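Below is one structure; the comments refer to it alone.
The values are calculated or read from the model by the stated rules, or taken from the named source; none is laboratory data. Being a predicted model, the structure only gives us computed values, none of them experimental. Cβ: placed from backbone, ideal geometry, glycine included. Neighbour counts: every protein chain shown. Surface accessibility is based on the protein's heavy atoms, side chains included, excluding ligands, DNA and RNA. Shrake-Rupley method; radii C 1.70, N 1.55, O 1.52, S 1.80 Å.
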Amino acid sequence: MEDATRALGKGTLPPGPVPEGLIRVYSMRFCPYAHRTRLVLRAKGIRHEVININLRNKPEWYYTKHPFGQIPVLENSKCQLIYESVIACEYLDDAYPGRKLYPYDPYERARQKMLLELFYKVPHLTKECLVALRCGRKCADLKLALRQEFCNLEEILGYQNTIFFGGDCISMIDYLFWPWFERLDVYGIADCLNHTPALRLWTAAMKQDPTVCALLIDKNIFLGFLNLYFQNNPDAFDYGLTC
Amino acid sequence: MRFCPFAQRTRLVLKAKGIRHEIININLKNKPEWFFKKNPFGLVPVLENSQGQLIYESAITCEYLDEEYPGKKLLPDDPYEKACQKMVFELFSKVPSLVTSFLRRQNEEDCYGLKEELWKELNKLEEVLTNKKTTFFGGNSLSMIDYLIWPWFEWLEVLELNDCVDHTPKLKLWMAAMREDPAVSALLTEPKVLRGFFNLYLQNSPEACDYGL
(Lines give C-alpha, C1' and ligand atoms only; values in the text may rest on other atoms or scores of the structure.)
Protein backbone atom coordinates (compact mmCIF):
# COMPACT_ATOMS: atom_id res chain seq x y z
CA MET A 1 0.00 0.00 0.00
CA GLU A 2 1.28 3.45 -0.89
CA ASP A 3 0.68 4.68 2.61
CA ALA A 4 2.76 2.08 4.48
CA THR A 5 5.29 4.63 5.70
CA ARG A 6 6.23 5.99 9.12
CA ALA A 7 4.33 9.02 10.36
CA LEU A 8 6.43 12.16 10.46
CA GLY A 9 6.58 14.02 13.75
CA LYS A 10 8.32 16.96 15.42
CA GLY A 11 11.92 17.47 14.42
CA THR A 12 11.54 15.90 10.99
CA LEU A 13 12.63 17.81 7.93
CA PRO A 14 9.90 19.17 5.70
CA PRO A 15 9.47 17.14 2.53
CA GLY A 16 10.67 18.66 -0.74
CA PRO A 17 8.43 19.94 -3.50
CA VAL A 18 6.07 17.51 -5.18
CA PRO A 19 7.53 16.23 -8.45
CA GLU A 20 5.57 16.91 -11.63
CA GLY A 21 3.18 14.15 -12.58
CA LEU A 22 2.51 13.29 -8.97
CA ILE A 23 0.15 14.60 -6.30
CA ARG A 24 0.88 14.29 -2.60
CA VAL A 25 -1.61 13.59 0.17
CA TYR A 26 -0.78 14.29 3.80
CA SER A 27 -2.58 11.55 5.63
CA MET A 28 -2.69 9.09 8.55
CA ARG A 29 -3.22 5.40 7.91
CA PHE A 30 -6.29 5.09 10.17
CA CYS A 31 -7.97 8.48 9.63
CA PRO A 32 -11.45 8.14 8.05
CA TYR A 33 -11.37 11.61 6.46
CA ALA A 34 -8.02 10.94 4.77
CA HIS A 35 -9.39 7.53 3.80
CA ARG A 36 -11.96 9.31 1.60
CA THR A 37 -9.21 11.04 -0.34
CA ARG A 38 -7.14 7.86 -0.69
CA LEU A 39 -10.22 6.04 -2.04
CA VAL A 40 -10.72 8.69 -4.73
CA LEU A 41 -7.02 8.68 -5.65
CA ARG A 42 -7.18 4.93 -6.05
CA ALA A 43 -10.54 4.82 -7.84
CA LYS A 44 -9.34 7.31 -10.44
CA GLY A 45 -5.92 5.71 -10.79
CA ILE A 46 -4.15 8.96 -9.88
CA ARG A 47 -0.37 8.68 -9.35
CA HIS A 48 0.28 9.91 -5.84
CA GLU A 49 2.57 9.77 -2.85
CA VAL A 50 1.43 9.61 0.76
CA ILE A 51 3.11 11.37 3.67
CA ASN A 52 1.74 10.23 6.99
CA ILE A 53 1.61 12.74 9.82
CA ASN A 54 1.94 11.89 13.49
CA LEU A 55 -1.23 13.57 14.72
CA ARG A 56 -0.15 13.51 18.38
CA ASN A 57 3.25 15.01 17.64
CA LYS A 58 2.82 17.13 14.52
CA PRO A 59 5.89 18.40 12.71
CA GLU A 60 6.25 22.18 12.97
CA TRP A 61 6.45 22.45 9.19
CA TYR A 62 3.04 20.81 8.80
CA TYR A 63 1.29 24.01 9.89
CA THR A 64 2.52 25.59 6.64
CA LYS A 65 0.39 22.98 4.85
CA HIS A 66 -2.74 23.41 7.01
CA PRO A 67 -3.33 26.28 9.48
CA PHE A 68 -4.63 23.88 12.16
CA GLY A 69 -2.49 20.90 11.21
CA GLN A 70 -5.43 18.79 10.04
CA ILE A 71 -5.45 16.01 7.47
CA PRO A 72 -6.05 15.26 4.68
CA VAL A 73 -4.28 17.92 2.63
CA LEU A 74 -3.44 17.59 -1.05
CA GLU A 75 -0.31 19.24 -2.44
CA ASN A 76 0.47 19.31 -6.13
CA SER A 77 3.62 20.14 -8.09
CA LYS A 78 2.49 23.79 -8.39
CA CYS A 79 2.62 24.00 -4.55
CA GLN A 80 -1.18 24.38 -4.46
CA LEU A 81 -2.73 23.10 -1.24
CA ILE A 82 -6.29 21.80 -0.98
CA TYR A 83 -7.94 20.76 2.28
CA GLU A 84 -11.21 19.59 3.79
CA SER A 85 -11.70 15.98 2.68
CA VAL A 86 -14.82 16.66 0.60
CA ILE A 87 -13.20 19.61 -1.19
CA ALA A 88 -10.09 17.48 -1.86
CA CYS A 89 -12.20 14.66 -3.32
CA GLU A 90 -14.12 17.02 -5.60
CA TYR A 91 -10.86 18.68 -6.70
CA LEU A 92 -9.41 15.30 -7.70
CA ASP A 93 -12.56 14.40 -9.64
CA ASP A 94 -12.47 17.77 -11.47
CA ALA A 95 -8.72 17.95 -12.08
CA TYR A 96 -8.00 14.43 -13.26
CA PRO A 97 -9.26 12.66 -16.36
CA GLY A 98 -10.74 9.22 -16.59
CA ARG A 99 -13.67 7.88 -14.68
CA LYS A 100 -15.84 10.65 -13.18
CA LEU A 101 -17.02 9.81 -9.68
CA TYR A 102 -19.56 12.63 -9.47
CA PRO A 103 -22.38 12.45 -12.04
CA TYR A 104 -22.38 14.86 -14.99
CA ASP A 105 -26.03 15.87 -14.55
CA PRO A 106 -26.34 18.98 -12.33
CA TYR A 107 -29.42 17.63 -10.53
CA GLU A 108 -27.76 14.26 -9.83
CA ARG A 109 -24.67 16.09 -8.57
CA ALA A 110 -26.89 18.17 -6.28
CA ARG A 111 -28.58 14.97 -5.04
CA GLN A 112 -25.23 13.50 -4.00
CA LYS A 113 -24.40 16.70 -2.13
CA MET A 114 -27.79 16.67 -0.39
CA LEU A 115 -27.14 13.05 0.63
CA LEU A 116 -23.86 14.11 2.17
CA GLU A 117 -25.80 16.55 4.37
CA LEU A 118 -27.90 13.61 5.62
CA PHE A 119 -24.71 11.89 6.71
CA TYR A 120 -23.20 14.74 8.75
CA LYS A 121 -23.95 13.37 12.25
CA VAL A 122 -22.45 9.92 11.56
CA PRO A 123 -18.71 10.70 11.99
CA HIS A 124 -19.23 12.41 15.35
CA LEU A 125 -21.58 9.69 16.66
CA THR A 126 -19.29 6.80 15.64
CA LYS A 127 -16.32 8.52 17.27
CA GLU A 128 -18.28 9.18 20.47
CA CYS A 129 -19.33 5.51 20.62
CA LEU A 130 -15.73 4.41 20.16
CA VAL A 131 -14.46 6.71 22.90
CA ALA A 132 -17.25 5.70 25.29
CA LEU A 133 -16.66 1.98 24.79
CA ARG A 134 -12.87 2.36 25.10
CA CYS A 135 -13.30 4.27 28.33
CA GLY A 136 -15.54 1.52 29.67
CA ARG A 137 -18.72 3.61 29.48
CA LYS A 138 -22.03 2.43 28.10
CA CYS A 139 -23.21 4.19 24.99
CA ALA A 140 -26.80 3.04 24.52
CA ASP A 141 -28.05 6.58 23.78
CA LEU A 142 -25.31 7.21 21.25
CA LYS A 143 -25.99 3.89 19.52
CA LEU A 144 -29.68 4.72 19.39
CA ALA A 145 -28.89 8.06 17.76
CA LEU A 146 -26.56 6.35 15.29
CA ARG A 147 -29.22 3.76 14.44
CA GLN A 148 -31.62 6.62 13.73
CA GLU A 149 -29.13 8.15 11.28
CA PHE A 150 -28.74 4.75 9.64
CA CYS A 151 -32.53 4.48 9.35
CA ASN A 152 -32.56 7.75 7.41
CA LEU A 153 -29.97 6.36 5.01
CA GLU A 154 -31.89 3.08 4.78
CA GLU A 155 -34.98 5.04 3.72
CA ILE A 156 -33.02 6.62 0.87
CA LEU A 157 -31.88 3.25 -0.44
CA GLY A 158 -35.44 1.93 -0.10
CA TYR A 159 -36.95 4.89 -1.93
CA GLN A 160 -34.35 4.77 -4.71
CA ASN A 161 -34.39 0.98 -4.96
CA THR A 162 -30.72 1.00 -5.98
CA ILE A 163 -27.73 -0.81 -4.51
CA PHE A 164 -25.54 2.25 -4.18
CA PHE A 165 -26.36 5.76 -3.03
CA GLY A 166 -25.80 7.26 -6.47
CA GLY A 167 -27.57 4.54 -8.46
CA ASP A 168 -26.63 1.07 -9.64
CA CYS A 169 -22.92 1.82 -9.83
CA ILE A 170 -20.60 2.98 -7.09
CA SER A 171 -19.90 6.72 -7.19
CA MET A 172 -18.49 9.58 -5.14
CA ILE A 173 -21.14 9.61 -2.42
CA ASP A 174 -20.51 5.92 -1.63
CA TYR A 175 -16.78 6.55 -1.21
CA LEU A 176 -17.49 9.59 0.97
CA PHE A 177 -19.65 7.46 3.33
CA TRP A 178 -17.57 4.29 3.31
CA PRO A 179 -14.73 4.94 5.81
CA TRP A 180 -17.11 5.11 8.80
CA PHE A 181 -18.95 1.94 7.80
CA GLU A 182 -15.65 0.09 7.43
CA ARG A 183 -14.87 1.07 11.04
CA LEU A 184 -18.16 -0.04 12.64
CA ASP A 185 -16.88 -3.54 13.32
CA VAL A 186 -13.50 -2.59 14.76
CA TYR A 187 -15.16 0.14 16.86
CA GLY A 188 -17.46 -2.53 18.32
CA ILE A 189 -20.73 -1.11 17.00
CA ALA A 190 -21.49 -3.28 13.97
CA ASP A 191 -24.82 -4.19 15.59
CA CYS A 192 -26.04 -0.69 14.73
CA LEU A 193 -26.77 -2.09 11.28
CA ASN A 194 -29.07 -4.80 12.64
CA HIS A 195 -32.27 -3.08 11.56
CA THR A 196 -31.09 -1.73 8.21
CA PRO A 197 -30.93 -4.56 5.65
CA ALA A 198 -30.44 -2.34 2.58
CA LEU A 199 -27.52 -0.66 4.28
CA ARG A 200 -26.05 -4.10 5.08
CA LEU A 201 -26.40 -5.06 1.42
CA TRP A 202 -24.69 -1.82 0.51
CA THR A 203 -21.71 -2.55 2.81
CA ALA A 204 -21.43 -6.04 1.27
CA ALA A 205 -21.47 -4.53 -2.23
CA MET A 206 -18.90 -1.94 -1.18
CA LYS A 207 -16.55 -4.66 0.07
CA GLN A 208 -16.67 -6.14 -3.46
CA ASP A 209 -15.45 -2.88 -4.99
CA PRO A 210 -11.80 -3.19 -6.06
CA THR A 211 -10.89 0.24 -4.71
CA VAL A 212 -12.51 -0.34 -1.31
CA CYS A 213 -10.89 -3.79 -1.17
CA ALA A 214 -7.43 -2.53 -2.00
CA LEU A 215 -7.57 -0.04 0.89
CA LEU A 216 -9.29 -2.24 3.50
CA ILE A 217 -7.45 -2.05 6.79
CA ASP A 218 -6.66 -5.35 8.51
CA LYS A 219 -8.83 -5.66 11.64
CA ASN A 220 -6.00 -6.77 13.92
CA ILE A 221 -3.77 -3.95 12.83
CA PHE A 222 -6.60 -1.47 13.40
CA LEU A 223 -7.22 -2.90 16.88
CA GLY A 224 -3.51 -2.65 17.62
CA PHE A 225 -3.58 1.00 16.56
CA LEU A 226 -6.66 1.72 18.70
CA ASN A 227 -5.07 0.09 21.77
CA LEU A 228 -1.94 2.22 21.49
CA TYR A 229 -3.93 5.34 20.56
CA PHE A 230 -6.08 5.13 23.66
CA GLN A 231 -2.96 4.64 25.76
CA ASN A 232 -1.71 7.93 24.27
CA ASN A 233 1.25 6.13 22.77
CA PRO A 234 2.77 8.36 20.03
CA ASP A 235 3.89 5.23 18.12
CA ALA A 236 0.25 4.25 17.60
CA PHE A 237 0.18 5.70 14.10
CA ASP A 238 2.95 3.35 12.89
CA TYR A 239 1.41 0.21 14.32
CA GLY A 240 1.59 -2.68 11.89
CA LEU A 241 4.34 -1.26 9.71
CA THR A 242 6.96 -3.85 8.96
CA CYS A 243 9.77 -1.53 7.90
CA MET B 1 -38.61 34.05 2.95
CA ARG B 2 -37.89 37.68 2.15
CA PHE B 3 -35.44 38.18 5.00
CA CYS B 4 -33.68 34.81 5.12
CA PRO B 5 -29.94 35.25 4.39
CA PHE B 6 -29.60 31.65 3.20
CA ALA B 7 -32.41 32.13 0.68
CA GLN B 8 -30.84 35.45 -0.30
CA ARG B 9 -27.82 33.51 -1.57
CA THR B 10 -30.04 31.65 -4.02
CA ARG B 11 -31.93 34.81 -5.04
CA LEU B 12 -28.59 36.56 -5.70
CA VAL B 13 -27.47 33.77 -8.02
CA LEU B 14 -30.85 33.70 -9.81
CA LYS B 15 -30.55 37.47 -10.33
CA ALA B 16 -26.87 37.46 -11.31
CA LYS B 17 -27.41 34.76 -13.92
CA GLY B 18 -30.66 36.28 -15.19
CA ILE B 19 -32.61 33.08 -14.55
CA ARG B 20 -36.39 33.41 -14.93
CA HIS B 21 -37.91 32.32 -11.67
CA GLU B 22 -40.93 32.63 -9.40
CA ILE B 23 -40.78 33.00 -5.64
CA ILE B 24 -43.07 31.40 -3.10
CA ASN B 25 -42.46 32.80 0.36
CA ILE B 26 -42.90 30.48 3.33
CA ASN B 27 -43.98 31.67 6.75
CA LEU B 28 -41.16 30.17 8.81
CA LYS B 29 -43.05 30.83 12.05
CA ASN B 30 -46.08 28.92 10.77
CA LYS B 31 -44.95 26.49 8.11
CA PRO B 32 -47.54 24.94 5.79
CA GLU B 33 -47.68 21.16 6.20
CA TRP B 34 -47.10 20.67 2.46
CA PHE B 35 -43.72 22.42 2.68
CA PHE B 36 -42.17 19.39 4.39
CA LYS B 37 -42.77 17.48 1.15
CA LYS B 38 -40.50 20.00 -0.56
CA ASN B 39 -37.78 19.74 2.10
CA PRO B 40 -37.99 17.18 4.91
CA PHE B 41 -36.01 19.60 7.07
CA GLY B 42 -38.66 22.30 6.46
CA LEU B 43 -36.02 24.91 5.67
CA VAL B 44 -35.68 27.52 2.93
CA PRO B 45 -34.37 27.91 0.32
CA VAL B 46 -35.64 25.07 -1.85
CA LEU B 47 -35.59 25.05 -5.64
CA GLU B 48 -38.28 23.21 -7.60
CA ASN B 49 -38.16 22.86 -11.36
CA SER B 50 -40.72 21.86 -13.98
CA GLN B 51 -39.56 18.23 -13.72
CA GLY B 52 -40.57 18.24 -10.06
CA GLN B 53 -36.92 17.98 -8.96
CA LEU B 54 -36.23 19.51 -5.55
CA ILE B 55 -32.88 20.90 -4.46
CA TYR B 56 -32.17 22.26 -0.97
CA GLU B 57 -29.29 23.57 1.17
CA SER B 58 -28.45 27.06 -0.03
CA ALA B 59 -24.89 26.35 -1.22
CA ILE B 60 -26.09 23.28 -3.13
CA THR B 61 -28.90 25.28 -4.80
CA CYS B 62 -26.41 27.95 -5.89
CA GLU B 63 -24.00 25.45 -7.39
CA TYR B 64 -26.88 23.64 -9.14
CA LEU B 65 -28.07 26.90 -10.74
CA ASP B 66 -24.55 27.72 -11.91
CA GLU B 67 -24.11 24.28 -13.50
CA GLU B 68 -27.58 23.94 -14.97
CA TYR B 69 -28.06 27.38 -16.51
CA PRO B 70 -26.07 29.04 -19.29
CA GLY B 71 -24.54 32.48 -19.21
CA LYS B 72 -21.93 33.85 -16.87
CA LYS B 73 -20.35 31.11 -14.74
CA LEU B 74 -20.10 32.18 -11.12
CA LEU B 75 -17.85 29.30 -10.09
CA PRO B 76 -14.44 29.11 -11.80
CA ASP B 77 -13.72 26.36 -14.31
CA ASP B 78 -10.26 25.79 -12.91
CA PRO B 79 -10.46 22.96 -10.35
CA TYR B 80 -7.99 24.60 -7.97
CA GLU B 81 -9.69 28.01 -8.09
CA LYS B 82 -13.02 26.28 -7.48
CA ALA B 83 -11.53 24.41 -4.51
CA CYS B 84 -10.17 27.73 -3.17
CA GLN B 85 -13.69 29.21 -3.21
CA LYS B 86 -14.93 26.21 -1.24
CA MET B 87 -12.07 26.56 1.27
CA VAL B 88 -12.97 30.24 1.79
CA PHE B 89 -16.59 29.16 2.26
CA GLU B 90 -15.43 26.86 5.10
CA LEU B 91 -13.47 29.76 6.63
CA PHE B 92 -16.71 31.75 6.69
CA SER B 93 -18.77 28.95 8.24
CA LYS B 94 -18.92 30.26 11.82
CA VAL B 95 -20.15 33.74 10.83
CA PRO B 96 -23.88 33.03 10.27
CA SER B 97 -24.47 31.54 13.72
CA LEU B 98 -22.41 34.30 15.39
CA VAL B 99 -24.45 36.99 13.68
CA THR B 100 -27.72 35.24 14.63
CA SER B 101 -26.49 34.88 18.23
CA PHE B 102 -25.75 38.57 18.22
CA LEU B 103 -29.28 39.26 17.08
CA ARG B 104 -30.65 37.13 19.92
CA ARG B 105 -28.27 38.43 22.58
CA GLN B 106 -29.68 39.09 25.99
CA ASN B 107 -27.18 41.49 27.52
CA GLU B 108 -24.03 43.56 27.10
CA GLU B 109 -21.59 40.85 28.24
CA ASP B 110 -22.87 38.54 25.51
CA CYS B 111 -22.42 41.43 23.11
CA TYR B 112 -18.71 41.90 23.76
CA GLY B 113 -17.91 38.19 23.70
CA LEU B 114 -19.77 37.71 20.44
CA LYS B 115 -18.10 40.74 18.88
CA GLU B 116 -14.68 39.33 19.80
CA GLU B 117 -15.53 36.02 18.18
CA LEU B 118 -16.84 37.80 15.11
CA TRP B 119 -13.62 39.87 14.84
CA LYS B 120 -11.64 36.64 14.91
CA GLU B 121 -13.65 35.16 12.06
CA LEU B 122 -13.59 38.37 10.02
CA ASN B 123 -9.81 38.52 10.43
CA LYS B 124 -9.55 35.17 8.68
CA LEU B 125 -11.41 36.63 5.71
CA GLU B 126 -9.24 39.76 5.76
CA GLU B 127 -6.19 37.49 5.55
CA VAL B 128 -7.57 35.86 2.41
CA LEU B 129 -8.00 39.23 0.70
CA THR B 130 -4.54 40.31 1.88
CA ASN B 131 -2.88 37.16 0.50
CA LYS B 132 -4.80 37.23 -2.78
CA LYS B 133 -4.29 40.99 -3.31
CA THR B 134 -7.64 41.16 -5.09
CA THR B 135 -10.85 43.10 -4.44
CA PHE B 136 -13.11 40.05 -4.32
CA PHE B 137 -12.73 36.65 -2.74
CA GLY B 138 -12.43 34.88 -6.07
CA GLY B 139 -10.21 37.40 -7.82
CA ASN B 140 -10.73 40.82 -9.37
CA SER B 141 -14.28 40.10 -10.44
CA LEU B 142 -17.20 39.22 -8.26
CA SER B 143 -17.96 35.49 -8.23
CA MET B 144 -19.89 32.79 -6.36
CA ILE B 145 -18.05 32.99 -3.04
CA ASP B 146 -18.78 36.73 -2.77
CA TYR B 147 -22.52 36.15 -3.23
CA LEU B 148 -22.50 33.24 -0.75
CA ILE B 149 -21.09 35.33 2.08
CA TRP B 150 -22.70 38.71 1.29
CA PRO B 151 -26.11 38.42 3.06
CA TRP B 152 -24.59 38.49 6.57
CA PHE B 153 -22.53 41.54 5.71
CA GLU B 154 -25.71 43.33 4.69
CA TRP B 155 -27.01 42.65 8.21
CA LEU B 156 -23.91 44.15 9.91
CA GLU B 157 -25.12 47.70 9.37
CA VAL B 158 -28.60 47.00 10.69
CA LEU B 159 -27.24 45.20 13.74
CA GLU B 160 -24.89 48.11 14.42
CA LEU B 161 -21.89 45.86 13.95
CA ASN B 162 -20.17 48.03 11.38
CA ASP B 163 -17.31 48.64 13.80
CA CYS B 164 -16.48 44.93 13.48
CA VAL B 165 -14.88 45.71 10.14
CA ASP B 166 -12.90 48.70 11.42
CA HIS B 167 -9.79 46.53 11.77
CA THR B 168 -10.34 44.77 8.48
CA PRO B 169 -9.94 47.50 5.85
CA LYS B 170 -9.92 45.18 2.83
CA LEU B 171 -13.17 43.63 4.00
CA LYS B 172 -14.63 47.12 4.35
CA LEU B 173 -13.59 47.94 0.78
CA TRP B 174 -15.05 44.62 -0.38
CA MET B 175 -18.39 45.50 1.26
CA ALA B 176 -18.45 48.82 -0.60
CA ALA B 177 -17.59 47.11 -3.88
CA MET B 178 -20.33 44.54 -3.31
CA ARG B 179 -22.96 47.27 -2.89
CA GLU B 180 -22.09 48.45 -6.42
CA ASP B 181 -22.98 45.08 -7.91
CA PRO B 182 -26.32 45.14 -9.76
CA ALA B 183 -27.58 41.85 -8.26
CA VAL B 184 -26.57 42.81 -4.73
CA SER B 185 -28.10 46.29 -4.93
CA ALA B 186 -31.31 44.99 -6.55
CA LEU B 187 -31.83 42.67 -3.57
CA LEU B 188 -30.88 45.08 -0.78
CA THR B 189 -33.48 45.44 1.95
CA GLU B 190 -34.07 48.84 3.51
CA PRO B 191 -32.43 48.83 6.96
CA LYS B 192 -35.60 49.97 8.72
CA VAL B 193 -37.60 47.17 7.12
CA LEU B 194 -34.96 44.64 8.21
CA ARG B 195 -35.07 46.11 11.73
CA GLY B 196 -38.86 45.82 11.75
CA PHE B 197 -38.58 42.18 10.72
CA PHE B 198 -35.97 41.44 13.42
CA ASN B 199 -38.18 42.90 16.14
CA LEU B 200 -41.21 40.84 15.14
CA TYR B 201 -39.11 37.70 14.50
CA LEU B 202 -37.51 37.86 17.95
CA GLN B 203 -41.01 38.08 19.42
CA ASN B 204 -41.90 34.94 17.43
CA SER B 205 -44.62 36.84 15.63
CA PRO B 206 -46.22 34.95 12.71
CA GLU B 207 -46.49 38.36 10.97
CA ALA B 208 -42.72 38.84 10.94
CA CYS B 209 -42.10 37.27 7.53
CA ASP B 210 -44.55 39.69 5.89
CA TYR B 211 -43.23 42.86 7.51
CA GLY B 212 -43.18 45.79 5.12
CA LEU B 213 -45.56 44.29 2.58
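Count charges around A:Ala132 for me, please; just the other residues with Cβ under 11 Å from its Cβ, Lys/Arg as +1, Asp/Glu as -1.
+3
Which of the residue pairs B:Lys132/B:Lys192; B:Lys82/B:Lys172; A:Lys78/A:Lys100 have a Cα-Cα distance greater than 29 Å in the structure shown? Could you put the intermediate results ahead of the total?
Numbers: B:Lys132/B:Lys192 35 Å; B:Lys82/B:Lys172 24 Å; A:Lys78/A:Lys100 23 Å.
B:Lys132/B:Lys192, as the Cα separations exceed 29 Å there.
Below 14 angstrom from the Cβ of B:Glu160, what's the summed charge of the other residues (Lys, Arg +1; Asp, Glu -1)?
Summing Lys and Arg as +1 and Asp and Glu as -1 gives -1.
If you count only protein heavy atoms and use a 1.4 Å probe, how large is the accessible surface of A:Asp141, to the nearest 10 Å²?
Approximately 130 Å² of A:Asp141 is accessible to the 1.4 Å probe.
Pairs of Cα atoms under 8 Å, at least six residues apart: use those to get the relative contact order of the stretch B:1-145, whole percent. Please list the in-between numbers first.
Values: 125 pairs, mean separation 27.4, N = 145.
Relative contact order comes out at 19 percent.
Given a 10 angstrom Cα cut-off, can you work out which residue in A:Glu154, A:Glu182, A:Glu108 is the most mobile in a GNM of chain A?
Comparing A:Glu154, A:Glu182, A:Glu108 in a Gaussian network model of chain A, the most mobile one is A:Glu108.
In nm, to one decimal, how far is the A:Glu155 label point from the B:Lys72 one, both placed 7 Å along Cα→Cβ?
4.0 nm
With every protein chain left in place and a probe of 1.4 Å, what is the accessible surface of B:Ser141, to the nearest 10 Å²?
Its heavy atoms expose roughly 80 Å² to the probe.
Taking only Cα atoms and a 10 Å spring cutoff, compute GNM fluctuations for chain B and point out the largest among B:Pro96, B:Pro40, B:Pro151.
Among B:Pro96, B:Pro40, B:Pro151, the largest GNM mean-square fluctuation belongs to B:Pro40.
GNM on chain B, C-alpha springs below 10 Å: top fluctuator among B:Leu54, B:Leu159, B:Leu122?
Maximum fluctuation in the GNM of chain B, among the listed residues, is at B:Leu54.
Hey, can you grab everything whose amide H is under 5 Å from the amide H of A:Lys65? Only 5+ residues off in sequence or another chain; H modelled, so Pro and N-termini drop out.
Correct list: empty.
Could you compute the net charge surrounding B:Ala208? Neighbours are other residues with a C-beta less than 15 Å from the C-beta of B:Ala208; K and R count +1, D and E count -1.
That works out to +4.
Between rounded, prolate and oblate, where does chain A land on the alpha carbon gyration tensor, with a ≥ b ≥ c its root eigenvalues, rounded for a/c under 1.5, else prolate if a/b exceeds b/c?
Numbers: a/c = 1.95, a/b = 1.17, b/c = 1.67.
Since a/c reaches 1.5 but b/c is at least a/b, the shape of chain A is classed as oblate.
Taking beta carbons within 10 Å but only from partner chains, what does the mean come to for residues B:53-64?
Per-residue shielding by partner chains comes out at 4.
Please give the length that would be gained between B:Ser97 and B:Asn140 if that part of the chain were fully extended, namely 0.36 nm times their separation in residues minus their C-alpha to C-alpha distance (nm, one decimal).
Values: separation 43, 0.36 × 43 = 15.48 nm, distance 2.84 nm.
That pair, B:Ser97 and B:Asn140, stretches by 12.6 nm at full extension.
Run through the stretch B:145-188 and list the GluC sites (Glu not before Pro) located in a DSSP loop whose Cβ has at most 14 other Cβ atoms within 10 Å.
In loop regions of the stretch B:145-188 (DSSP not H, G, I, E or B), the sparsely surrounded GluC sites (Glu not before Pro) are B:Glu160, B:Glu180.
With runs of 4+ DSSP H residues as the only contributors, calculate the mean residue ellipticity of the protein assembly as shown at 222 nm using -39,500 (n - 2.57) per run, divided by the residue total and rounded to the nearest 500.
Dividing the helical sum by the residues of the protein assembly as shown leaves -15500 deg cm²/dmol.
Give me a comma-separated list of calculated 3J(HN,Hα) values for the stretch B:10-16, in order, Karplus coefficients 6.51, -1.76, 1.60 applied at θ = phi - 60°, integers in Hz, x for any Gly or Pro.
3J(HN,Hα) across the stretch B:10-16, in whole Hz: 5, 5, 5, 5, 4, 5, 4.
Kindly identify chain B as rounded, prolate or oblate by the Cα gyration tensor criterion: order the square roots of the eigenvalues as a ≥ b ≥ c, call it rounded if a/c is under 1.5, otherwise compare a/b with b/c, prolate if a/b is larger, else oblate.
It is oblate, given that a/c is not under 1.5 and a/b is not larger than b/c.
Please identify every one of the trypsin sites (Lys or Arg not before Pro) in the stretch B:47-98 that sits in a loop by DSSP and has no more than 12 other beta carbons within 10 Å of its own beta carbon.
B:Lys72
Let me know the mean shielding of B:67-79 by other chains, meaning the per-residue number of their Cβ atoms within 10 Å of its Cβ.
Mean number of neighbouring Cβ atoms from other chains: 2.
Checking the a/c ratio against 1.5 first, then a/b against b/c, what shape does the Cα gyration tensor give for the stretch A:46-175?
Numbers: a/c = 2.80, a/b = 1.09, b/c = 2.56.
Since a/c reaches 1.5 but b/c is at least a/b, the shape of the stretch A:46-175 is classed as oblate.
Less than 27 Å apart at the alpha-carbon level, and either on another chain or at least 8 residues along: which lysines does that give for B:Lys37?
Of all the lysines, those that pass the test against B:Lys37 - Cα under 27 Å, at least 8 places apart if same chain - are A:Lys113, A:Lys121, B:Lys15, B:Lys29.
What number, in percent, do you get for the relative contact order of the stretch B:103-213 if the mean sequence gap of Cα pairs under 8 Å and at least 6 apart is divided by its residue count?
Answer for the stretch B:103-213 is 24 percent.
Could you compute how much accessible surface A:Leu201 exposes when probed at 1.4 Å, giving the result in Å² to the nearest 10?
Using a 1.4 Å probe on the heavy atoms, I get roughly 120 Å².
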